[in-house]
Amino acid sequence: MDNYAGNDWVLLSGWAKANDFKLTWVREDEPFTLTNRFSTLLFKTDSQWAEINGVRIWLCKPITVVGRHVCVSSLDLNTSIDPILFPQTNEVHSTIQTICLDPGHGHQDTGGVFGGYMEKQYTLPLAEELAGQLEAAGFKVILTRTNDTFVELEDRPALANRQKADLFISLHFNIGPPGEAKGVEVYCLTPPKASSTNVSRWGHIGEISEWGNDTALVPGNRFDNWNVLLAYDLQKSLVKTLSANDRGVRRARFAVLRTAAMPAVLIEGGFLSDSVEQKKIADPKYRAELAAAIVQGIQSYERAFENHQPKEDEYESTQHKKMGA
Ligand SMILES: [Zn+2]
């Protein structure tokens with residue numbers, strides 16, 4: 001037990017007790033639940049698969065049983081579970097005003113291609129639809145490309161940084177084994193010292209530019225707590241609103257996420273290699289529903305974000321009001 005009682009692993013029973021969760025265990029080889037008034041968590045031993053309030057999350061390390069003790073890695077508690085269940089004090093920005101949308105690929109970089117469908121053809125119209133809906137909801141929107149041009153991966157977050165965007169959202173569609181892979185997934189940056197979620201051999205070249213599973217801290221890691229909450233809120237909205245297959249919140253050190261100076265995610269909004277999803281993605285009506293689900297996800301994130309502003313800011317703004325009055 002010694003190896004598991006140190007800083008790297010936490011007894012799940014102890015964590016559950018400290019946070020008022022009741023642990024229900026049916027059989028050792030089946031998922032078990034932790035419930036309290038607000039949330040339900042589902043875990044499976046020897047698995048990185050987990051669910052938080054019905055939304056799939058891929059943990060960085062599997063839930064591990066030692067003797068009769070179930071352990072969760074402190075890495076996953078600190079970088080996935082706690083930031084989603086208990087949003088931290090927000091030290092990022094005070095409000096969300098400007099959102100940078102990044103339509104994946106462009107020009108010679110087609111993205112995934114399947115049966116004549118090219119990813120780059122659908123990411124731009126989705127971004128345009130989403131931009132319209134976000135502007136109608138009161139946000140300012142900037143786009144990393146507005147036509148079929150090539151933009152280097154690094155230049156995409158760089159534009160968001162220059163324009164001081166408050167969120168960066170990269171939009172993509174997926175390719176996978178036909179008839180098998182379907183549904184939506186949202187990626188956020190892998191925390192330092194963690195492994196990225198398995199990238200399939202079907203992954204297309206454009207965004208699969210991992211630095212490898214090293215321990216490097218990259219600029220985007222400054223926003224880890226908010227990256228994962230944004231990914232969770234978006235995945236939740238996509239899965240519930242579209243009744244899409246839940247492929248979960250995943251981790252990757254994608255080039256577009258590494259240097260973003262604001263919370264950033266990459267959405268894979270369905271599979272061009274799936275005959276049903278392919279037709280939907282090509283349909284403007286479906287893309288409008290997809291965009292609406294993304295807007296709702298951003299709005300739930302915004303509520304959590306703005307409810308957790310630093311107390312000093314509140315104090316200062318009260319003082320400013322008093323002085324300026
Ligand atoms: Zn892509």
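The values are calculated or read from the model by the stated rules, or taken from the named source; none is laboratory data. On a predicted model such as this, the values are computed, not experimentally measured, just so you know. Cβ: placed from backbone, ideal geometry, glycine included. Neighbour counts: every protein chain shown. Quick note on the areas: whole protein, heavy atoms, side chains included, nothing else; ligands and nucleic acids left out. Shrake-Rupley method; radii C 1.70, N 1.55, O 1.52, S 1.80 Å.
Observations on the structure shown:
- Restricted to the stretch 147-156, and to residues there that are away from the ligand (no atom under 15 Å from the Cβ) and not hydroxyl-bearing (Ser, Thr, Tyr), the residue that is modelled with the lowest pLDDT is Glu154.
- Among the residues of the stretch 287-301, those that are under 16 Å from the mean Cα position of the chain (by Cα) and open to solvent by 40 Å² or more (accessible area, probe 1.4 Å) comprise Gln296, Gln299.
- Enumeration of residues in the stretch 124-149 that are surrounded by 20 or more Cβ atoms within 10 Å (Cβ to Cβ) and not hydrophobic (A, V, I, L, M, F, W, C): Thr144, Arg145
- Residues (open to solvent by less than 40 Å² (accessible area, probe 1.4 Å) and either of a type outside the set (Gly, Ala, Ser) or part of a strand (DSSP E or B) (or both)) located in the stretch 43-67: Phe43, Thr45, Trp49, Ala50, Ile52, Val55, Ile57, Leu59, Cys60, Ile63, Thr64, Val66
- Residue in the stretch 173-180 that is free of Cβ contacts under 8 Å to residues at least 12 places away in the same chain and in contact with an Asp or Glu (Cβ under 9 Å, 6 or more places away or on another chain) present: yes
- Entirely in the stretch 170-286, the helices (runs of 4 or more DSSP H) that have 1 or more residues that are open to solvent by 10 Å² or more (accessible area, probe 1.4 Å) and either of a type in the set (Ser, Thr, Tyr) or modelled with pLDDT of 95 or more (or both): 224-242, 275-281
- Whichever residue in the stretch 95-146 is out of contact with any Lys or Arg (no Cβ under 8 Å at 6 or more places or on another chain), free of Cβ contacts under 8 Å to residues at least 24 places away in the same chain and assigned to a loop (DSSP other than H, G, I, E, B) and, among such residues, is farthest from the ligand (Cβ to nearest atom): Gly138
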